[in-house]
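The values are calculated or read from the model by the stated rules, or taken from the named source; none is laboratory data. Keep in mind the model is a prediction, meaning the values are calculated, not measured. Glycine gets a Cβ as well: all are built from the backbone with ideal geometry, and neighbour counts include every protein chain shown.
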Ligand code: S3P
């Protein structure tokens with residue numbers, strides 16, 4: 001998403017009940033990892049169902065810059081001919097990761113144990129986000145990094161010529177940091193160990209195994225210990241990317257709050273490291289039925305039949321935060337329609353996402369007539385029992401999930417809600433507008 005793209009305001013209005021099937025695009029986390037692991041593997045990795053959002057396209061371009069051949073062969077179908085572990089070539093220009101924290105942090109990890117130098121940058125949102133959380137553990141492997149004050153992009157990383165393996169306890173719950181360390185560990189001799197206090201999304205571990213690496217996971221009293229044996233011979237494999245539960249959250253939540261709605265959302269992941277929103281919605285009294293549970297693309301999935309109805313406010317405990325970290329904005333929108341307060345605890349990581357999501361949601365909700373309290377680490381939305389005034393234009397701060405959350409809110413509020421820029425939605429959910437309109441939602 002170029003910084004200079006003209007803002008595209010978009011307005012959501014209440015209308016008829018939502019009905020039909022909402023098939024969302026491929027999982028963003030798995031799409032990034034498929035391209036990166038494919039690039040680190042000799043031979044051809046074929047990917048189907050890849051998310052063709054801007055974040056993932058930027059990662060594809062970055063993998064080309066490091067020497068992999070990455071070709072689109074059809075809709076969502078991609079072929080990667082990788083260079084092998086330790087085979088990255090030095091990019092000839094700056095790597096622009098656009099809006100994507102996942103892209104830049106995973107790629108920094110993937111190159112950190114190969115003796116090449118790369119300079120990374122991104123859009124105004126990404127250039128505000130902290131990179132020290134990855135460059136600190138990468139320094140333990142022997143990599144060096146120079147960035148702007150506060151560990152901000154642009155940043156130059158020099159990969160270690162003689163990497164050593166690392167044992168690292170995550171100071172923040174972050175799948176991006178965990179993944180950066182594991183990807184760096186691929187080209188370090190011996191065992192690289194990551195310890196996480198709370199389980200974060202585990203796609204890297206699952207996919208590394210799929211590509212033939214030895215990864216073990218042990219649950220101990222201190223948390224989860226993940227051990228990777230370095231320098232494996234990765235073998236190419238077929239990756240079928242499942243649908244993204246974080247994208248599914250938007251039509252699911254819209255169907256819950258637009259009276260009379262009845263929507264089917266197929267193949268939503270039930271991976272316990274991703275399903276915190278769905279657990280929470282059911283606690284709120286949401287009418288969600290899990291149909292046809294099965295496995296797709298290595299993930300446990302089910303079709304969700306979602307029907308609108310009254311919701312009550314709940315508390316989300318800190319230990320659940322990691323499993324729904326990207327869903328708090330849309331939960332805040334739904335909570336505005338519930339009866340009573342919804343208290344979200346242990347959510348300080350929201351402050352360093354594509355925007356400060358606590359601040360962005362609080363400001364936007366207040367403008368729409370909803371009371372919100374916040375501390376550094378909690379957000380409380382005072383639900384209005386189905387009656388949300390709306391009638392505001394909300395700033396999205398280059399954040400796709402803030403944009404989609406307020407559009408969902410506007411589909412059920414008394415007066416229309418406008419987002420100042422729907423452009424960022426293309427980073428993770430191309431086709432969002434059409435999908436909502438296809439259910440009968442009024443977006444214009
Ligand atoms: C992601 C991890 C999470 C999440 C992001 C995707 C990943 O970030 O918010 O959208 O694919 O590993 P953190 O690692 O910063 O929690």
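Of the residues making up region 81-123, just one is in contact (Cβ under 8 Å) with a residue 40 or more places away in the chain, within 22 Å of the chain's Cα centre (by Cα) and more than 16 Å from the ligand (Cβ to nearest atom), namely 111. Screening residue 251 on (1) out of contact with any strand residue (DSSP E or B) (no Cβ under 6 Å at 6 or more places or on another chain); (2) on the phi < 0 side of the Ramachandran plot; (3) more than 15 Å from the ligand (Cβ to nearest atom); (4) in contact (Cβ under 8 Å) with a residue 24 or more places away in the chain shows it passes everything except condition (1). The condition of being in the same structural domain as residue 120 (by TED's automatic domain parsing) and assigned to a strand (DSSP E or B) holds for only one of 73, 59, that being 73. For residue 217, the conditions (1) outside the structural domain of residue 408 (by TED's automatic domain parsing); (2) out of contact with any helix residue (DSSP H, G or I) (no Cβ under 8 Å at 6 or more places or on another chain); (3) surrounded by fewer than 18 Cβ atoms within 10 Å (Cβ to Cβ) all hold with the exception of (2).
For region 152-167, taking the residues that are touching a strand residue (DSSP E or B) at 6+ places or on another chain (Cβ under 6 Å) and more than 14 Å from residue 106 (Cβ to Cβ), the one that is farthest from the ligand (Cβ to nearest atom) is identified as 158. Within the set 360, 412, the sole residue that is in contact with a strand residue (DSSP E or B) (Cβ under 9 Å, 6 or more places away or on another chain), assigned to a helix (DSSP H, G or I), in contact (Cβ under 8 Å) with a residue 12 or more places away in the chain and in the same structural domain as residue 437 (by TED's automatic domain parsing) turns out to be 360.
Scanning region 400-422 for residues that are surrounded by fewer than 24 Cβ atoms within 10 Å (Cβ to Cβ) and within 22 Å of residue 17 (Cα to Cα) yields a count of 4.
With respect to residue 291, is the statement that it is more than 26 Å from residue 388 (Cα to Cα) and modelled with pLDDT of 95 or more true?
When the stated conditions are applied, residue 291 passes them.
Being more than 13 Å from the ligand (Cβ to nearest atom) and either under 21 Å from residue 67 (Cβ atoms) or in contact with a strand residue (DSSP E or B) (Cβ under 7 Å, 6 or more places away or on another chain) (or both) narrows it down to one residue among 170, 182, 186, 126; which is it? Going through 170, 182, 186, 126 in turn, the sole match is 186. For region 362-369, check the following and say yes or no: at least one residue is buried (at least 24 other Cβ atoms within 10 Å of the Cβ) and within 30 Å of residue 291 (Cβ to Cβ). Scanning region 362-369, I find no residue that is buried (at least 24 other Cβ atoms within 10 Å of the Cβ) and within 30 Å of residue 291 (Cβ to Cβ), so the answer is no. Restricting region 129-144 to residues that are in a loop (DSSP other than H, G, I, E, B) and away from the ligand (no atom under 16 Å from the Cβ), the residue that is nearest to residue 103 (Cα to Cα) is 143.
Would region 332-339 turn up any residue that is outside any loop (DSSP other than H, G, I, E, B) and surrounded by fewer than 23 Cβ atoms within 10 Å (Cβ to Cβ)? Yes, because at least one residue in region 332-339 is outside any loop (DSSP other than H, G, I, E, B) and surrounded by fewer than 23 Cβ atoms within 10 Å (Cβ to Cβ).
A quick yes/no check of all residues on (1) at pLDDT below 95; (2) under 25 Å from residue 443 (Cβ atoms); (3) in contact with a helix residue (DSSP H, G or I) (Cβ under 7 Å, 6 or more places away or on another chain); (4) not assigned by TED's automatic domain parsing to the domain that holds residue 372:
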| site | (1), (2), (3), (4) |
| --- | --- |
| 248 | no, yes, no, no |
| 252 | no, yes, no, no |
| 261 | no, yes, yes, no |
| 318 | no, no, no, no |
| 322 | no, no, no, no |
| 331 | no, yes, yes, no |
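Among the residues of region 382-408, those identified as in a helix (DSSP H, G or I) and in contact with a strand residue (DSSP E or B) (Cβ under 8 Å, 6 or more places away or on another chain) are 402, 403, 406, 407, 408.
The conditions of being in a loop (DSSP other than H, G, I, E, B), touching a strand residue (DSSP E or B) at 6+ places or on another chain (Cβ under 9 Å) and within 16 Å of the ligand (Cβ to nearest atom) are met by residue 198.
Could you please let me know if residue 302 is more than 16 Å from residue 405 (Cβ to Cβ) and outside any loop (DSSP other than H, G, I, E, B)? When the stated conditions are applied, residue 302 passes them.
Working carefully through the options 84, 147, find the one that is surrounded by fewer than 24 Cβ atoms within 10 Å (Cβ to Cβ) and either outside the structural domain of residue 206 (by TED's automatic domain parsing) or part of a strand (DSSP E or B) (or both).
On the way: 84 fails: either outside the structural domain of residue 206 (by TED's automatic domain parsing) or part of a strand (DSSP E or B) (or both).
Selected residue: 147, the only one of 84, 147 that is surrounded by fewer than 24 Cβ atoms within 10 Å (Cβ to Cβ) and either outside the structural domain of residue 206 (by TED's automatic domain parsing) or part of a strand (DSSP E or B) (or both).
Applying the condition of being buried (at least 24 other Cβ atoms within 10 Å of the Cβ), over 23 Å from the mean Cα position of the chain (by Cα) and not in a strand (DSSP E or B) to region 1-42 and asking which residue is nearest to the ligand (Cβ to nearest atom) yields 41.
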